[in-house]
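Written below as structure tokens is the structure these notes are about.
The values are calculated or read from the model by the stated rules, or taken from the named source; none is laboratory data. Quick caveat: nothing in here was measured; it's all calculated off a predicted structure. All Cβ positions, even for glycine, are placed from backbone atoms using ideal geometry, and neighbour counts span all protein chains on display.
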Amino acid sequence: MGVNVFVRVRLEESGSLDHRQHRLRVILAGAIGNLLEWYDFGLYGLLAPELASLFFPAHDRMAALLGVYGGFAAGFAVRPIGALALGRLADRAGRRFVLMISVALMGVATVAVGLLPTYAAIGLWAPGLLILVRVFQGFSVGGEFVDSVTYLVEVVPQSRRGITASVANLGSTAGMLLAAAVAAALTSWAGPARLGAWAWRMPCLLGGVVASAAYYFRRHLPESPRLPPIDDRSCQSPLGLAIREEPGVMLACVLFTSGYGIVNYVVMVFLPTYAHEFGHIAEQRALGINTAAQALALLVVPLSGWASDRLFTRRAMLAGAFAGEAVVAWKAFELAGHNGVGGLWLAQLALAALLAVVMGVAPSALAEQFRHRYRVTAHAVTFNIGIGLAGGTAPMVATALIKGVSNPMAAAGYLIFGAALSAGSALALHERSREPLG
């Protein structure tokens, strides 16, 4: 599937640009910032057992995991604030400007994590500083994904919005894949001693290299042709307009993304830790299987985006995929917890394939819900409330449920809840895949 299948750009301001160069710029702009974002967040989740020992030492292993997942959640909790600030900036100052500053801020924060001293060096200051950096990261990524999706959706023809917007999740999938691959390779190469001493810092410093590349590719992008007129941007609050004009859509999007966040982070971040802690599968093996699941998602995402343009409605695909997650969740956790490596392979691949369908369809479906005057703000706020509050806390909540009821299968129940919530709320979204953007 070549580059031409993703985008055939028709920007009002691009007449002097070489067509192929412009296509590549748009693809890289939509993908590479999300690659960095999800590389960082995925790495933090996948290295949770190691970070728990380094920053949150405790005699109770589950308490230590709750500490590190609390840091994971803190980064997500502040994302709605970043979404509001950066979304408003994108709707007023331009999509391109926010694409540049968000990736620069993310790069600084990612490198900072790799430079932090651990609990052994400075005591309780270590977890405090880690959570502080996570909060800064959460703010910076609050508008990143949504702004890049909006940019992609606004610069392509109607018939290609699904597959083009899926490029953003190709970037996020590639970021998670890179995080899983780096984590697996690092644990295999370094061994426990070197990993705990210094090797865990290397993937964070690599994130700074990715951030530099992302900034380079974004700095010469032209602006979206659908930015509101100056007078429309200067005197009205984009969020206020969205709440007044489309409150029902705002609520449906929050519910949908809340379930989406739970499913995403239970399946792609928590499940390897679950298999290691309760299925007694070696951490290296669990991370390797997670890497394979990310690779599978990388293939499914663009195919599902294309199918939503050509074959099925986006709403039907989203509801069906989440219903599938709810149906297989319980059995998948039984396999991961009781059937060894083979069981984890089946569980991880099945859940990841269904999630990848959502990842290919949801970006365009959510962007299409809102008008251009407040598209980034409304999308960013609803997306980050759901993903940030429900998704970011999902590993912590799953761990707390297991500890609270003394039953590892409580995590499966939480996954079923999230999937059912998204399946139902998807039916309340507008179906605008065959309509011009508002």
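Which one of these does Ala410 not meet: (1) closer than 19 Å to Met359 by Cα; (2) surrounded by fewer than 22 Cβ atoms within 10 Å (Cβ to Cβ); (3) of a type in the set (A, V, I, L, M, F, W, C)?
(1)
So which of Gly337, Gly324, Gly343 is more than 23 Å from Thr273 (Cβ to Cβ) and out of contact with any Ser or Thr (no Cβ under 7 Å at 6 or more places or on another chain)?
Gly324
In region 319-345, how many are charged (D, E, K, R) and under 14 Å from Val358 (Cβ atoms)?
So the count comes out to 1.
Suppose we filter region 138-164 for residues that are of a type in the set (Gly, Ala, Ser) and surrounded by fewer than 24 Cβ atoms within 10 Å (Cβ to Cβ); how many remain?
Going through region 138-164 one residue at a time, the tally reaches 1.
Give the residue that is modelled with the highest pLDDT, with candidates limited to residues of region 289-308 that are crowded, with 22+ Cβ neighbours inside 10 Å and more than 19 Å from the chain's Cα centre (by Cα).
If we take residues in region 289-308 being crowded, with 22+ Cβ neighbours inside 10 Å and more than 19 Å from the chain's Cα centre (by Cα), then Ser308 is modelled with the highest pLDDT.
Right, Ile402: under 16 Å from the mean Cα position of the chain (by Cα), under 27 Å from Leu271 (Cα atoms) and part of a helix (DSSP H, G or I) or not?
Numbers: under 16 Å from the mean Cα position of the chain (by Cα): no; under 27 Å from Leu271 (Cα atoms): yes; part of a helix (DSSP H, G or I): yes.
No, not satisfied.
Considering only region 114-211, give the helices (runs of 4 or more DSSP H) lying wholly within it that have at least 3 residues that are in contact (Cβ under 8 Å) with a residue 40 or more places away in the chain and in contact with a helix residue (DSSP H, G or I) (Cβ under 9 Å, 6 or more places away or on another chain).
Because the criterion is at least 3 residues that are in contact (Cβ under 8 Å) with a residue 40 or more places away in the chain and in contact with a helix residue (DSSP H, G or I) (Cβ under 9 Å, 6 or more places away or on another chain), the helices (runs of 4 or more DSSP H) in region 114-211 that meet it are 125-141, 144-154, 161-197.
Report every pair of residues separated by at least 6 positions or lying on different chains whose Cβ atoms are under 6 Å apart, first residue within region 308-329 and in contact (Cβ under 8 Å) with a residue 12 or more places away in the chain and more than 24 Å from Met268 (Cβ to Cβ), second of a type outside the set (Gly, Ala, Ser) and assigned to a helix (DSSP H, G or I).
From residues that are in contact (Cβ under 8 Å) with a residue 12 or more places away in the chain and more than 24 Å from Met268 (Cβ to Cβ), the pairs are Asp309/Ile163.
Would you check which residues across region 336-362 are of a type in the set (Val, Ile, Thr) and within 19 Å of the chain's Cα centre (by Cα) and list them?
Residues satisfying the conditions are Val357, Val358, Val361.
Against the definition (at pLDDT below 80 and either closer than 18 Å to Ala31 by Cβ or within 17 Å of the chain's Cα centre (by Cα) (or both)), how does Ser234 come out, yes or no?
So Ser234 fails the test.
Only residues in region 369-380 that are assigned to a helix (DSSP H, G or I) count as the first member; pair them with residues that are among the charged types (D, E, K, R) and surrounded by fewer than 24 Cβ atoms within 10 Å (Cβ to Cβ), Cβ under 7 angstrom, at least 6 apart or cross-chain, and list the lot.
If the second residue must be among the charged types (D, E, K, R) and surrounded by fewer than 24 Cβ atoms within 10 Å (Cβ to Cβ), the pairs left are Thr377/Arg88.
Kindly evaluate Leu351 against the criterion of being modelled with pLDDT of 95 or more, buried (at least 20 other Cβ atoms within 10 Å of the Cβ), assigned to a helix (DSSP H, G or I) and in contact with a helix residue (DSSP H, G or I) (Cβ under 9 Å, 6 or more places away or on another chain).
yes
Do any residues in region 252-267 that are at pLDDT 95 or above have Cβ atoms under 6 Å from those of residues that are part of a helix (DSSP H, G or I) and acidic (Asp, Glu), where the two are at least six apart or on different chains, and which pairs are they?
From residues that are at pLDDT 95 or above, the pairs are Val263/Glu325.
Tell me the helices (runs of 4 or more DSSP H) entirely within region 16-110 that contain at least 3 residues that are modelled with pLDDT under 75, of a type in the set (D, E, K, R) and over 25 Å from Tyr274 (Cβ atoms).
19-46
What are the pairs with Cβ atoms under 6 angstrom where one residue, in region 79-107, is closer than 17 Å to Ile385 by Cβ and the other, located anywhere, is surrounded by fewer than 24 Cβ atoms within 10 Å (Cβ to Cβ) and basic (Lys, Arg)? Sequence gap at least six, or different chains.
none
Out of curiosity, is Phe333 within 25 Å of Val68 (Cβ to Cβ) and either within 19 Å of the chain's Cα centre (by Cα) or not in a helix (DSSP H, G or I) (or both)? Don't jump to the end; show me each part of the working.
Numbers: within 25 Å of Val68 (Cβ to Cβ): yes; either within 19 Å of the chain's Cα centre (by Cα) or not in a helix (DSSP H, G or I) (or both): no.
Answer is no for this residue.
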